[in-house]
Structure formats: C-alpha cells, structure tokens
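Novice: Here it is, the structure in full.
The values are calculated or read from the model by the stated rules, or taken from the named source; none is laboratory data. Computed from a prediction, not measured in an experiment: that's the story for all the values here. Every residue, glycine among them, receives a Cβ derived from its backbone with ideal geometry; neighbour counts consider all protein chains shown.
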Amino acid sequence: MNQKQADDIRQQVRNSYTQVAEASNQGDCCGTQSSCCGVSNDDAINTLVSTRLGYSQRDLDNVPSGADMGLGCGNPRAIASIAPGETVLDLGSGGGFDCFLAATEIGESGHVIGIDMTPSMISKARANAVKGQYSQVEFRLGEIEHMPVADETVDVIISNCVINLSPDKKQVFAETFRVLKPGGRLAISDVVASMALPEAIRNDLALYSGCMAGASQVSELQDILQQLGFEQINIQPKDESKAFIKDWAPGRGVEEYVLSATIEAIKPLPCCNSCC
C-alpha cells in the first residue's frame, strides 16, 4: 500500500467517525445501529448492541449518558485483568466508554489515557469525563501509529475494533511495544480475517471504515507480534461473532471472511544472566 492509499484510508475513517460523533451529539442516527461504526439516539438499541458484545447492564449503567455509542466488536476489559493503580491506554477511545469502565477498576491511584484521531470524538469524551467526574481519565488527540505517549509508561493497552482501521498495523503494534512497560500486556478486541479478502471487499473504503475491509489474517498478526518481540501471544477468533457481523453489511457476505477476535500478548521483562 502506497502513502496516498494509506492517507485516503485515514481520511475516510476520520470523516466517518466525525459523522458518528456529530450524529450522536445531535441525537441522530448514523449508519446501521448494529454496526461497529453505527450510532443511535435510542438508548435501548445501544444497550442491545453493547450487551450483545459482552458488556453487562451494570457496565452500561456506570458510565455517563452518551459514552456508550454502540460501537465495537467485543469487550476488551473482559480479558484485561485491570488492577488498582495501573495505567491503562485505550486505542481509539471514541466517546470514552471503555476508559470510564477501566477507571472504576484502577481507582483514584491509577490513570487512564484515551487516544483518538477524531477531534469530535475527543471533545465528546472530554465532556463525558467532566460529566462523570473522572479525574484520573484524560483524552489525547493523535493517531495510533504515532501515539502521544511516553516510552514504557503503560501497564495494559485495550482497544475495541480499532486497529483493523489502520493501514499500517505493524507500526501500531510497534508503538504498543514502545509505550508498554516491561511485563505490560495487550488486551484487544478486533476484527480479523479468516481467509484472504476478495478485492471487492478490500478496496471498498466504506467497508474499511466499517471495520471489515482492513482486517488482517490471524497468521499475519501473529507474525507481526512475534517479530516485534511480544510473548504469550494468544489470538482467539469468535465464531459466534458472525451473527452480528452479518448485520454490518447486509447481503455482502462479509461474515464469511471476517469475525471478531481477542488479541492478547505480553511485552517480556528484561532478561538477566541468572534467569536466561
């Protein structure tokens, strides 16, 4: 992929999620409500979507109104094992939903950072943080390929259906390795490809911003993570996710090629002579 194609994809994604944020702010709908990139002004619809992805009703009740926009393809916190006092980084934080849930686990002594490349989403998340009085949560504008985060400062990285949107996934994972502390971990929900995607799907920008056309195969992601130095890599596709992915692009048969998965990995601790 050349630089122009990558820039076109980033701009398409940025424009799409700007529309999502603005539609949510205005109480309108944008896209299909069951989609990774859909949003509804109907709380019942968003609740149905989020519980379908693995969130509990208690999760939904514990965040400010408007933070849950019905986005995502899973629940990364379910595999994150977040502990009090930890620093958590959320890639593609949107309206702040997962950040606010993480804040309840890290307590006042921890820190949550959300990164999003869409100014409208950052503004929405910051307003939600004020509304919910989350003093330990902050949101930073930036691209996940170039994270505005210092080296080795993060305990756990979560992300929900976002890395598939990047045209340079190796750079994203290189950045995760850089900012994680030794022993830090990835706990990600994302969309992966079960086989090579047809050109008609891969070249459709609307399907790219819809979390489908940019999906990488599991073997490709494993290779990237291994090359970067991650250990204990565990990528688990979820066959049951085909039921809701089918609704993302009705009639396109996308569910035959992509599905949701959890992606876990550990940045190793420094090695010493006595233990190696």
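Novice: Any residue that is under 18 Å from residue 11 (Cβ atoms) and among the β-branched types (Val, Ile, Thr) - is there at least one of those in region 166-175?
Specialist: yes
Novice: May I pose another question? For region 34-47, state whether one or more residues are at pLDDT below 85, within 20 Å of the chain's Cα centre (by Cα) and in a helix (DSSP H, G or I).
Specialist: Among the residues of region 34-47, at least one is at pLDDT below 85, within 20 Å of the chain's Cα centre (by Cα) and in a helix (DSSP H, G or I), which makes the answer yes.
Novice: Take the conditions assigned to a helix (DSSP H, G or I), at pLDDT 80 or above, over 17 Å from the mean Cα position of the chain (by Cα) and not basic (Lys, Arg) and apply them to residue 18. Does it pass?
Specialist: no
Novice: Turning to a different aspect of this structure: Which ones in region 149-191 are in a loop (DSSP other than H, G, I, E, B) and within 11 Å of residue 89 (Cα to Cα)?
Specialist: Residues satisfying the conditions are 149, 153.
Novice: Let me ask another. Would you check if there is a residue in region 218-235 being in contact (Cβ under 8 Å) with a residue 12 or more places away in the chain, more than 25 Å from residue 179 (Cβ to Cβ) and not hydroxyl-bearing (Ser, Thr, Tyr)?
Specialist: No, every residue in region 218-235 fails to be in contact (Cβ under 8 Å) with a residue 12 or more places away in the chain, more than 25 Å from residue 179 (Cβ to Cβ) and not hydroxyl-bearing (Ser, Thr, Tyr).
For (1) at pLDDT below 90; (2) under 19 Å from residue 117 (Cα atoms), each residue gets a yes or a no:
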| site | (1), (2) |
| --- | --- |
| 163 | no, yes |
| 177 | no, no |
| 192 | no, no |
| 206 | yes, yes |
| 237 | no, no |
| 249 | yes, no |
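Novice: Being in contact with a His (Cβ under 8 Å, 6 or more places away or on another chain) and modelled with pLDDT of 95 or more, is that true of even one residue in region 121-136?
Specialist: Scanning region 121-136 turns up at least one residue that is in contact with a His (Cβ under 8 Å, 6 or more places away or on another chain) and modelled with pLDDT of 95 or more.
Novice: What are the residues in region 210-224 that are buried (at least 23 other Cβ atoms within 10 Å of the Cβ) and farther than 18 Å from residue 246 by Cα, if any?
Specialist: Hit for region 210-224 is 221, nothing else.
Novice: Out of curiosity, is residue 66 touching a Lys or Arg at 6+ places or on another chain (Cβ under 8 Å), of a type in the set (Gly, Ala, Ser) and surrounded by fewer than 24 Cβ atoms within 10 Å (Cβ to Cβ)?
Specialist: yes
Novice: Restricting attention to region 76-88, which residues are of a type in the set (Asp, Glu) and surrounded by 24 or more Cβ atoms within 10 Å (Cβ to Cβ)?
Specialist: If the condition is that a residue be of a type in the set (Asp, Glu) and surrounded by 24 or more Cβ atoms within 10 Å (Cβ to Cβ), then no residue fits.
Novice: Those residues that are part of a helix (DSSP H, G or I), of a type in the set (A, V, I, L, M) and buried (at least 24 other Cβ atoms within 10 Å of the Cβ), I need them from region 89-111; list them, please.
Specialist: 101, 102, 103
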